[in-house]
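What follows is one structure encoded as structure tokens, with my remarks underneath.
The values are calculated or read from the model by the stated rules, or taken from the named source; none is laboratory data. Owing to the predicted nature of the structure, the values given are computational and were not obtained by experimental measurement. Don't worry about glycine lacking a Cβ; one is built from the backbone with ideal geometry, like all the others, and counts go over all protein chains shown.
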Amino acid sequence: MMSASEDIPISALQHWLFCPRQYALIHIERIWTENSFTAEGRLMHERADSGRAETRPGIRVLRAVEIRSDQHGLHGVADVVELRGGRPYPVEYKRGKAKAHRADEVQLCAQALCLEEMFACQIQEGALFYGQTRRRSIVAFDDDLRALTSAVASEIRACRDSGALPVASYSSDRCDRCSLLDDCRPRIASRRQGIGRWLEGAIAAQGVPE
């Protein structure tokens, strides 16, 4: 059981897996800048969250559901929770399409961990709805995904407790689409790290005491 001060926002898990430095800038440094990608995602979430609860045959649909797990120290808001026979089924809305990394799956699994504690039940699966494909991708909450989700939460706590900002590492696929590119300046940081490593190597080669 963890105290409220140790709680991690569920969105932080997604940010960490995408880029630890992005997580720290947003959740520790409290820096946020929006671009076209984040604006599109925000509008999609607002549309998903703004609708009223509704009932379909055999399903009660809840929107913008506040969730929390004391055991795992997580809290957040689930876009949609479908109650199927009283058992929760989380659905997370994302812009774009399914990704190679598992950040979206971890975020959804964290929602399931919260809902399991709140409803005192086991949840076998949930769904990610992607705006580009307009399709749901089913996610099974197997042992591997649950372990990864817990591990990411532990890594975030360790980073937060250390007080150190993760080092920037430039990757065009990741960085050029990030809204925090100008705040992070990963190209400059990477060059400085390269120069630092070169100086260390030169000093070591010459046998000059540090």
> Do you know which residues across region 88-102 are modelled with pLDDT of 95 or more and either farther than 20 Å from Gly131 by Cα or surrounded by fewer than 18 Cβ atoms within 10 Å (Cβ to Cβ) (or both)?
Replying inline: Pro88
> Taking region 46-87 as the search range and keeping residues that are modelled with pLDDT under 85 and acidic (Asp, Glu), which one is farthest from Met118 (Cα to Cα)?
Replying inline: Glu46
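Residue-by-condition table, conditions (1) under 16 Å from Arg21 (Cα atoms); (2) among the acidic types (Asp, Glu):
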| residue | (1), (2) |
| --- | --- |
| Arg84 | no, no |
| Glu92 | no, yes |
| His101 | no, no |
| Cys114 | no, no |
| Tyr130 | no, no |
| Arg135 | no, no |
| Ser150 | no, no |
| Arg177 | yes, no |
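Could you say which residue among Arg160, Arg187, Arg174, Arg191 is at pLDDT below 85, under 18 Å from the mean Cα position of the chain (by Cα) and in a helix (DSSP H, G or I)?
On the way: Arg160 fails: at pLDDT below 85; Arg187 fails: under 18 Å from the mean Cα position of the chain (by Cα); Arg191 fails: under 18 Å from the mean Cα position of the chain (by Cα).
So the residue among Arg160, Arg187, Arg174, Arg191 that is at pLDDT below 85, under 18 Å from the mean Cα position of the chain (by Cα) and in a helix (DSSP H, G or I) is Arg174.
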>> Please go through region 73-98 and give me each residue that is within 20 Å of Ala151 (Cβ to Cβ) and not in a strand (DSSP E or B), ordered by number.
In response: Gly73
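Could you check, for region 6-25, whether at least one of its residues is over 22 Å from Pro186 (Cβ atoms), at pLDDT below 95 and surrounded by fewer than 20 Cβ atoms within 10 Å (Cβ to Cβ)?
Kept after step one, since they are over 22 Å from Pro186 (Cβ atoms), are these residues of region 6-25: 6-10.
Keeping just the survivors that are at pLDDT below 95 gives 6-7.
Checking the rest, the ones that are also surrounded by fewer than 20 Cβ atoms within 10 Å (Cβ to Cβ) come to 6-7.
Checked against the condition, which is being over 22 Å from Pro186 (Cβ atoms), at pLDDT below 95 and surrounded by fewer than 20 Cβ atoms within 10 Å (Cβ to Cβ), region 6-25 yields at least one hit.
Condition check ((1) part of a helix (DSSP H, G or I); (2) of a type outside the set (Asp, Glu); (3) touching a strand residue (DSSP E or B) at 6+ places or on another chain (Cβ under 8 Å); (4) outside the structural domain of His27 (by TED's automatic domain parsing)) across all residues:
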residue	(1), (2), (3), (4)
Arg68	no, yes, yes, no
Ala100	no, yes, no, no
Cys109	yes, yes, yes, no
Leu128	no, yes, yes, no
Ser137	no, yes, yes, no
Leu145	yes, yes, yes, no
